[in-house]
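Peer 1: Pasting a structure below so you can have a look.
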Amino acid sequence: MKRIVAFFLMMLMILTSLSVLADSQPTPIETVPYDQLPENRAGLYHYLLLCMDHWNGGTNGNSDGIVLLTFDTLANRIMLTSFTRDSLVVRPDGKIGRINYIVKDWGPEALCKVISTHLNIKVDKYVIFNFQQVANIVDYMGGVEIEIDANEANYLRKYPLSPSQTTPSMGRAGTYLFTGRAAVIYMRIRKADNGGDFMRTQRVRNVLSILADKCRVMTYDQAKSLLDSIVENSTTTNMSAEDLVKALDQAFSLRSCVIEELRLPVNGGYKQIRYAGMSVQDIDWNMSRAAMEDYLECGWLVIEEVNEDGSELDDDEFFLD
């Protein structure tokens with residue numbers, strides 16, 4: 001009798017584990033054909049920042065850090081949009097897969113197109129870094145001062161940080177000056193709380209916002225030196241020297257702006273499923289597109305128009321309070 005009971009218990013455990021491991025079918029994804037994408041409106045510029053999942057090397061590996069940097073020189077805004085690495089997208093071959101595999105399998109231009117067609121915006125400029133290059137840039141800027149909670153401090157104490165990588169050396173919750181390597185490790189924390197990849201993307205935005213704040217007091221020459229450091233510490237980019245100077249001018253003109261943030265997927269716009277043997281985010285891309293549209297147009301009612309001779313028209317620019 002005991003053997004029979006044990007047999008049924010074993011079968012129940014096997015069936016339960018199989019049901020947990022079984023794949024779910026993701027929600028069909030509607031995208032916008034690339035040749036039907038609208039042109040970005042005047043004054044709006046997108047730059048895709050990618051960090052590869054290794055300390056050295058080029059574009060091999062997964063792009064676990066995906067952030068879209070947007071400048072709006074007419075509405076005077078700087079925006080950071082981060083993507084969770086396990087979001088499901090339509091791959092270039094038409095199949096469904098994770099967004100962080102696109103660069104490894106098809107290249108960064110393909111990821112630009114994937115993001116463009118999923119969000120109905122044109123993204124074609126990118127810069128790729130690895131962890132060490134991000135650390136070098138943070139060090140070049142004198143480190144970053146970050147306030148961490150008890151869970152983050154506990155995680156970082158267990159990580160093999162040397163005492164010199166934070167000031168003071170890592171202890172309890174509080175504010176610390178992080179060197180570049182420590183800042184990268186902080187940005188990669190995923191298991192210190194229940195936030196998982198969502199909190200990881202927030203930590204990335206935290207560091208980028210802190211770095212942006214440090215740029216506010218820079219002179220143009222100092223900003224140009226920073227750009228040189230960024231170019232020196234990037235694996236690859238499709239931006240020409242002229243493109244880079246143009247982006248520098250845009251950033252410099254907006255250096256007093258408050259950094260605005262968006263995470264995709266938005267709350268309520270995803271569900272956790274198992275697909276292709278992996279835990280992934282099944283994204284409502286229609287909701288994400290709407291969120292991006294609202295985000296880009298927030299506070300902007302009418303884009304400034306000009307006369308044929310280039311002079312400005314009066315009273316054609318309005319902002320919400």
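Peer 1: Run down Thr235, Thr201 and say which single residue is under 19 Å from the mean Cα position of the chain (by Cα), more than 24 Å from Leu44 (Cβ to Cβ) and among the hydroxyl-bearing types (Ser, Thr, Tyr).
Peer 2: Within the list Thr235, Thr201, the selection yields Thr235.
Peer 1: Sticking with this one: For the stretch 158-198, give me each residue that is closer than 13 Å to Glu145 by Cα, within 25 Å of the chain's Cα centre (by Cα) and part of a loop (DSSP other than H, G, I, E, B).
Peer 2: Thr179
Peer 1: If you go through the stretch 263-287 one residue at a time, how many are open to solvent by 70 Å² or more (accessible area, probe 1.4 Å) and outside any strand (DSSP E or B)?
Peer 2: 3
Peer 1: Within the stretch 128-150, restricting attention to residues that are of a type outside the set (D, E, K, R) and either in contact with a Phe, Trp or Tyr (Cβ under 7 Å, 6 or more places away or on another chain) or without any contact (Cβ under 8 Å) to a residue 40 or more places away in the chain (or both), which residue is surrounded by the fewest Cβ atoms within 10 Å (Cβ to Cβ)?
Peer 2: Ala150
Peer 1: Name every residue in the stretch 46-75 that is open to solvent by less than 20 Å² (accessible area, probe 1.4 Å) and of a type in the set (Val, Ile, Thr), in order of residue number.
Peer 2: Answer for the stretch 46-75, where residues must be open to solvent by less than 20 Å² (accessible area, probe 1.4 Å) and of a type in the set (Val, Ile, Thr): Ile66, Val67, Thr70.
Peer 1: Find the residue count for the stretch 218-227, including only residues that are farther than 12 Å from Met141 by Cβ and either outside any helix (DSSP H, G or I) or touching a residue at least 24 places away in the same chain (Cβ under 8 Å) (or both).
Peer 2: Residues in the stretch 218-227 being farther than 12 Å from Met141 by Cβ and either outside any helix (DSSP H, G or I) or touching a residue at least 24 places away in the same chain (Cβ under 8 Å) (or both): 3 in total.
Peer 1: Going by the conditions given, is Ile230 open to solvent by 40 Å² or more (accessible area, probe 1.4 Å), closer than 24 Å to Tyr140 by Cα and modelled with pLDDT of 90 or more?
Peer 2: Working: open to solvent by 40 Å² or more (accessible area, probe 1.4 Å): yes; closer than 24 Å to Tyr140 by Cα: yes; modelled with pLDDT of 90 or more: yes.
In short, yes.
Peer 1: Right, next: Return the residues of the stretch 76-129 that are closer than 25 Å to Ser24 by Cβ and part of a loop (DSSP other than H, G, I, E, B); say none if nothing qualifies.
Peer 2: If the condition is that a residue be closer than 25 Å to Ser24 by Cβ and part of a loop (DSSP other than H, G, I, E, B), then Thr84, Arg85, Asp86, Arg91, Pro92, Asp93, Gly94, Lys95 are the ones that fit.
Peer 1: Among (1) modelled with pLDDT under 95; (2) surrounded by 15 or more Cβ atoms within 10 Å (Cβ to Cβ), where does Phe318 come up short?
Peer 2: Here Phe318 clears every test but (2).
Peer 1: For residues that are modelled with pLDDT under 95 and among the aromatic types (Phe, Trp, Tyr), tally how many sit in the stretch 107-139.
Peer 2: 2
Peer 1: State whether the residues of the stretch 242-249 include one that is β-branched (Val, Ile, Thr) and assigned to a helix (DSSP H, G or I).
Peer 2: To start, the set of residues in the stretch 242-249 that are β-branched (Val, Ile, Thr) comprises 245.
Add one more test, that the residue is assigned to a helix (DSSP H, G or I), and what stays is 245.
Scanning the stretch 242-249, I find at least one residue that is β-branched (Val, Ile, Thr) and assigned to a helix (DSSP H, G or I), so the answer is yes.
Peer 1: Looking at (1) modelled with pLDDT of 95 or more; (2) open to solvent by less than 30 Å² (accessible area, probe 1.4 Å), which is the one condition that is false for Lys95?
Peer 2: With (1) modelled with pLDDT of 95 or more; (2) open to solvent by less than 30 Å² (accessible area, probe 1.4 Å) applied to Lys95, the lone miss is (2).
Peer 1: Moving on to the next point. Scan the stretch 92-127 for residues that are within 23 Å of His54 (Cα to Cα) and either among the basic types (Lys, Arg) or touching a residue at least 60 places away in the same chain (Cβ under 8 Å) (or both) and report the count.
Peer 2: 11
Peer 1: Go through (1) open to solvent by 60 Å² or more (accessible area, probe 1.4 Å); (2) under 17 Å from the mean Cα position of the chain (by Cα); (3) of a type outside the set (Phe, Trp, Tyr) for Ile115 and report which single condition fails.
Peer 2: All conditions pass for Ile115, except number (1).
The values are calculated or read from the model by the stated rules, or taken from the named source; none is laboratory data. Since the model is a prediction, treat every value here as computed from it, not as a measurement. Every residue, glycine as well, gets a Cβ built from its backbone with ideal geometry; the counts of neighbours run over all protein chains shown. All accessible areas refer to the heavy atoms of the entire protein, side chains included, with ligands and DNA or RNA removed. Shrake-Rupley method; radii C 1.70, N 1.55, O 1.52, S 1.80 Å.
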